[in-house]
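Undergrad: Shown below is the structure under consideration.
The values are calculated or read from the model by the stated rules, or taken from the named source; none is laboratory data. Quick caveat: nothing in here was measured; it's all calculated off a predicted structure. Note: ideal-geometry Cβ built from the backbone for every residue, glycine included; neighbour counts use all protein chains shown.
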Amino acid sequence: MSDPRLYVALDLPSIDAARQMVETLGDSVMSYKIGLQLLPLGGAEFGRELATQGKNVFLDFKLHDIDATVEKATRSIAGIGADLLTVHARPDVMQAAARGRGDSRLKILGVTVLTSLDEQALIDIGYHHNAEELVLHRVRQAMEAGIDGVVSSPLEAAKIRAMVPDEFIVLTPGVRLAGHDQGDQKRVATPAAAIKAGASHIVVGRPITQANDPRAAAEKITANMRS
């Protein structure tokens, strides 16, 4: 059986390839992430297509612009019927997105620190906080901004869960089964560990979409989440 807490990242080269992956996964998956790779190819409309099929849709567009632009973009996206939308976790950006979604069902998530960044990468960028400190700082700002949750690595999930309301969404990419290739992810955990730490949802892409049997891979991850 599918688990709505598992979002499969459709980071694929075309809408046709994404549509075929959804067909391949069938009823083993009911939640999907559409990101920047598909956005210029019609990703927003594909999100609408999936929503009309009853799928849960996460638009990982990571909006980051001036207040007015973010607010208007969020208002446009709210009409698609998606469930989740990401914006960068900058206070003014999060506040603008909260205004833009209005009374739609769209939930706004602030992207805290990308899971591909480790401590050295943050130093190179110019941050003076370590990853955990920066994540928790941005979580506090997300709550103040009135948005619905954050995206963080599973390594910070427990501390986030301890400081937020029960309904606050903690969505974690950087999820891999034990022994699997981490790819470009630096801060990772297993599906079970992420859920036990307090993640409300997880995102998994290549371990499913690049597997020889994507459906079996999705079912294995779902089983691990529930273990």
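Undergrad: Within the stretch 149-170, track down each residue that is surrounded by fewer than 22 Cβ atoms within 10 Å (Cβ to Cβ) and not basic (Lys, Arg).
TA: Correct list: 155, 158, 162, 163, 164, 165, 166, 167, 168, 169.
Undergrad: A follow-up question, please. Among the residues of the stretch 1-60, write down those that are in contact with a helix residue (DSSP H, G or I) (Cβ under 6 Å, 6 or more places away or on another chain) and among the charged types (D, E, K, R).
TA: Within the stretch 1-60, 3 is the sole residue that qualifies.
Undergrad: Those residues that are within 21 Å of residue 32 (Cβ to Cβ) and either free of Cβ contacts under 8 Å to residues at least 40 places away in the same chain or among the hydroxyl-bearing types (Ser, Thr, Tyr) (or both), I need them from the stretch 88-113; list them, please.
TA: If the condition is that a residue be within 21 Å of residue 32 (Cβ to Cβ) and either free of Cβ contacts under 8 Å to residues at least 40 places away in the same chain or among the hydroxyl-bearing types (Ser, Thr, Tyr) (or both), then 101, 104, 105, 106 are the ones that fit.
Undergrad: Going by the structure shown, is residue 202 in contact with a Ser or Thr (Cβ under 7 Å, 6 or more places away or on another chain), at pLDDT 90 or above, crowded, with 18+ Cβ neighbours inside 10 Å and in a strand (DSSP E or B)?
TA: yes
Undergrad: Right, next: Can you pull out the residues in the stretch 17-44 that are in a helix (DSSP H, G or I) and either polar (S, T, N, Q) or farther than 23 Å from residue 213 by Cβ (or both)?
TA: Matches in the stretch 17-44: 20, 24, 28, 39, 40, 41, 43, 44.
Undergrad: Among the listed residues 112, 86, which satisfies the condition of being within 13 Å of the chain's Cα centre (by Cα) and modelled with pLDDT under 95?
TA: 112
Undergrad: Please specify each residue of the stretch 119-128 satisfying the condition of being surrounded by 15 or more Cβ atoms within 10 Å (Cβ to Cβ) and over 15 Å from residue 90 (Cβ atoms).
TA: 122
Undergrad: When you scan the stretch 45-79, how many residues do you find that are of a type in the set (A, V, I, L, M) and either assigned to a strand (DSSP E or B) or in contact with a Phe, Trp or Tyr (Cβ under 9 Å, 6 or more places away or on another chain) (or both)?
TA: Residues that pass the stated criteria total 6.
Undergrad: Which condition number in (1) within 22 Å of residue 58 (Cβ to Cβ); (2) surrounded by 18 or more Cβ atoms within 10 Å (Cβ to Cβ) is the one that residue 131 fails?
TA: The failed condition is (1).
Undergrad: Within the stretch 118-138, can you find the residues that are touching a Ser or Thr at 6+ places or on another chain (Cβ under 9 Å) and either free of Cβ contacts under 8 Å to residues at least 24 places away in the same chain or not in a helix (DSSP H, G or I) (or both)?
TA: 134, 137
Undergrad: Applying the selection to the stretch 139-153, what residues are within 16 Å of the chain's Cα centre (by Cα) and not in a helix (DSSP H, G or I)?
TA: The answer is 147, 148, 149, 150, 151, 152, 153.
Undergrad: Here is a follow-up. Could you identify the single residue in 84, 6, 39, 25 that is under 20 Å from residue 205 (Cβ atoms), of a type outside the set (Ser, Thr, Tyr) and surrounded by fewer than 19 Cβ atoms within 10 Å (Cβ to Cβ)?
TA: 39
Undergrad: With the condition kept exactly as written, say whether any residue in the stretch 209-222 is crowded, with 18+ Cβ neighbours inside 10 Å, modelled with pLDDT of 95 or more and either touching a Lys or Arg at 6+ places or on another chain (Cβ under 7 Å) or assigned to a loop (DSSP other than H, G, I, E, B) (or both).
TA: no
Undergrad: Further question: Determine the pairs where a residue that is closer than 12 Å to residue 86 by Cα, located within the stretch 141-169, has a partner that is part of a helix (DSSP H, G or I) and at pLDDT below 95 with Cβ atoms under 6 Å apart, the partner being 6 or more residues away or on another chain.
TA: Close Cβ pairs (under 6 Å, with a partner that is part of a helix (DSSP H, G or I) and at pLDDT below 95) amount to 152/135.
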